[in-house]
Amino acid sequence: MMLLNDGDLLLERNKNLVRSFFERANTIGGTPVDMVTEDFVAHISGAQPYDLKAFEDYQESFYSSFSETETVVEDLIAEGDRVAFRGYVRTVHTGEFMGVPASGKEIVVSVIGFAKIEQGKIAEWWNFPDRLSWMQQIGALPERVDN
């Protein structure tokens, strides 16, 4: 049996925090504000950084357009105060999103990102979903055609 030292335990706690953040966000359909710092900043690909209020608005918009959302975390790697994650989101497009009417389609979008942890909470969040695939799956962009 391998024993973990204090540093390893902290890294495991940080990874569990990120995993729990995804689980709680999906369960409540929004941002679990008790898991983030007051000066939390989110960086979502293609957008300016969000403060906590703006991120909550972004999450509200997402969860009002998509339902039955499940985030599957396939990899978590922790180093120092950072946690890298890789996985995918499975959800159903049930409401208008970015001007695209609800399609009713189930979509699966891969995602990678990083979290910065401070005092047991998420202080900064970088999230990079595969937006091209996402937009193609909801019908906002044409599907790729291989020649």
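No lab work stands behind these numbers, since they all come straight from the coordinates. Here the structure is a predicted model, which is why all the values come from computation and not from measurement. A quick note on method: Cβ atoms are made from the backbone with ideal geometry, for glycine too, and the neighbour counts reach across all protein chains shown.
Before moving on, here are some points about what is shown:
- Residue order, fewest to most surrounding Cβ atoms within 10 angstrom, among Arg144, Arg90: Arg144, Arg90
- Helix-only mean residue ellipticity at 222 nm for the chain, each DSSP H run of n ≥ 4 adding -39500 (n - 2.57), per residue, nearest 500: -10000 deg cm²/dmol
- Extension gain for Ser64-Ile28 works out to 11.8 nm (0.36 nm per residue, less the C-alpha to C-alpha distance).
- Only Cα sites of the chain enter the Debye sum here, all with the same form factor; the resulting log10 I(q)/I(0) across q = 0.11, 0.20, 0.21 1/Å is -0.45, -1.28, -1.38, listed in q order.
- Spatial separation of Cα centroids for region 11-37 and region 70-111, in angstrom: 14
- Of Ser133, Ala123, Tyr50, farthest towards positive along the dipole that unit charges on Lys, Arg, Asp, Glu beta carbons give the chain: Ser133
- Axis angle, to the nearest 10 degrees, between helix 52-65 and the longest C-alpha principal axis of the chain: 40 degrees.
- Between Ile77 and Ser110, the simple label model (points 7 Å from Cα in the Cβ direction) yields a spacing of 1.4 nm.
- When exposed loop sites are taken as GluC sites (Glu not before Pro) in a DSSP loop with at most 16 other Cβ atoms within 10 Å, the longest stretch of the chain clear of them is 1-95.
- Which of Thr91, Thr71, Thr27 has the fewest Cβ neighbours within 10 Å, and the rest in rising order: Thr27, Thr71, Thr91
- Charge dipole magnitude, Cβ of K and R +1, D and E -1 - region 6-137, Cα centre, debye nearest 20: 320
- Residue exposure proxy: His43, His93, ordered by other Cβ atoms within 10 angstrom of their Cβ from fewest to most, comes out as His43, His93.
- With respect to the chain, whose longest principal axis is taken over its alpha-carbon atoms, helix 6-28 is tilted by about 30°.
- Top of Ile28, Ile107, Ile122 by mean-square fluctuation, Gaussian network on the chain, Cα under 10 Å: Ile28
- Length-normalised contact order of region 41-147 in % [C-alpha pairs under 8 Å, at least 6 apart]: 23
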